[in-house]
Ligand SMILES: C[S@@+](CC[C@H](N)C(=O)[O-])C[C@H]1O[C@@H](n2cnc3c(N)ncnc32)[C@H](O)[C@@H]1O
């Protein structure tokens, strides 16, 4: 079996919970993903299945990492590890390489692990609730190469925080060098998460060095992105995804962009719209979206903060004709679907990162909307995940 020309299979493949398809040719992987979507939606009549959009790069595309710290016996020594969980989620791998992460982020992860070992820091243990180090979260801008990283700790008092963070900065600089080949570190943050939860990030942040955001560009729009806001992890493929949404927006449309994050889709489609209203619950994402309105001098985009289930009904009767949806993996659920059915949008463009919840939501919307097309987009090469853009039309308005 072959992968893309020149690709060697990662040492962790088979054990690591990250990749599923490193051992097959990328074209074969794409056909498998297309088949999954076709199979799931085969009972929908008159549906147009579009060909999957391949990622421009099936390797090194992830520009955000969220890696847990763990502990392993390596060469008869118990050592702190940093990497993804194994497939069975029973231990954290000692990551030495990764073929889907941006190489700069892999270098950062290696530097952080060496630093934590030298400092004698202990990984947090969920059972005993002892230890300090929970996660490394890092994000790199595709357009500027800027990198921020967050060390997530279980307690506030990182031992000798000031000196330890200086040593961390030096360790990272030494690892990634000054040529810019791996990117440029602009901020180091301590994020404190005292809760026993599956969420990586806590609410409290201390800036240890630099600034807490990177500059990222999408098309002609610029954003300042922090650690805790959502951003597509494959920025190389994101323009293709957003263009598929834009293609469905008729000129002078009045659009609601629900689950808008920092507003990247809202800004992307704004040139074709009379008005766009984004809805987002994460306060940091909402704040970033508002700042971006000023920063980019865009006058037809607005944002409301809150849960879609609560904000959407307040926009009833305000003449929005098109709804863009980009929910988390759980999808819309009954309450939001019922609200949508009561609002009479002409068209719905649904960006989904989970085909199963997309199918459930399609059934919920079926009373008033027929599914016109599904277009798979490969945002997550080498993994099982596949993104889909689905277009729905109102049965009463076509
Ligand atoms: C898949 S992301 C999409 C973001 C954006 N469209 C983009 O392309 O970057 C989903 C977003 O929905 C937000 N979210 C999740 N549940 C929500 C809810 N019930 N109401 C409003 N926003 C929600 C998340 O914070 C996240 O920013």
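Odds and ends about this structure:
- For the pair residue 198 and residue 398, a Förster radius of 45 Å applied to the C-beta separation gives a FRET efficiency near 0.60, rounded to the nearest 0.05.
- Of all DSSP beta bridges in the chain, antiparallel share, percent nearest 5: 60 percent
- Here is how the number arises for the chain: DSSP H runs of 4 or more residues each give -39500 (n - 2.57), the sum is divided by the residue count, and the result at 222 nm is -8000 deg cm²/dmol.
- Each Cα pair under 8 Å and six or more residues apart adds its separation to the average, and for the stretch 64-218 the resulting relative contact order is 21 percent.
- For the residues 173, 375, 237, a GNM of the chain with alpha-carbon springs under 10 Å puts the largest fluctuation on 173.
- Panel order for 215, 46, 63, by other beta carbons found within 10 Å of each beta carbon, from fewest to most: 46, 215, 63.
- Multiplying the residue separation of residue 74 and residue 209 by 0.36 nm and removing their Cα-Cα distance gives an extension gain of 45.4 nm.
- Part-to-part distance (alpha-carbon centres) for the stretch 369-396 and the stretch 233-286, which is given in Å: 16 Å
- Calculated P(r) tail over 30 Å for the chain, as whole % of Cα pairs: 45 percent
- For residue 156 and residue 220, a Förster radius of 35 Å and the Cβ-Cβ distance give a FRET efficiency of 0.30, rounded to the nearest 0.05.
- Compared with the dominant Cα axis of the chain, that is its longest principal axis, helix 161-176 is turned about 80°.
- Residue-span extension gain [residue 167 to residue 343] - 0.36 nm each, minus C-alpha spacing: 57.8 nm
- Mean-square fluctuations from a GNM of the chain, with a 10 angstrom spring cutoff on Cα atoms, peak among 42, 127, 178 at 127.
- Nearest-ten-degree value, helix 283-296 long axis tilted from longest Cα axis of the chain: 70 degrees
- With Cα atoms defining each centre, the stretch 175-231 and the stretch 28-55 are spaced 35 Å apart in the structure.
- Counting beta carbons within 10 Å around each of 298, 336 and listing the fewest first gives the order 298, 336.
- Among 193, 73, 234: highest mean-square fluctuation, GNM of the chain, C-alpha pairs under 10 Å: 73
- Estimated distance in nm for a label pair at residue 314 and residue 25, the labels positioned 7 Å out from Cα along Cα-to-Cβ: 5.4 nm
- Relative to the longest principal axis of the Cα atoms of the chain, the long axis of helix 103-119 makes an angle of roughly 40 degrees.
- Stretching residue 373 away from residue 274 to a fully extended chain increases their span by 33.2 nm, per 0.36 nm per residue minus the current alpha-carbon distance.
- Relative contact order [Cα under 8 Å, 6+ residues apart], the chain, whole percent: 15 percent
- Beta-bridge orientation, the stretch 64-218: approximately 75 percent antiparallel, per DSSP, counting only bridges with both partners inside.
Coordinate-derived values only; no laboratory data. Since the model is a prediction, treat every value here as computed from it, not as a measurement. Because the Cβ atoms are built from the backbone with ideal geometry, glycine has one as well, and the counts that use them run over all protein chains shown.
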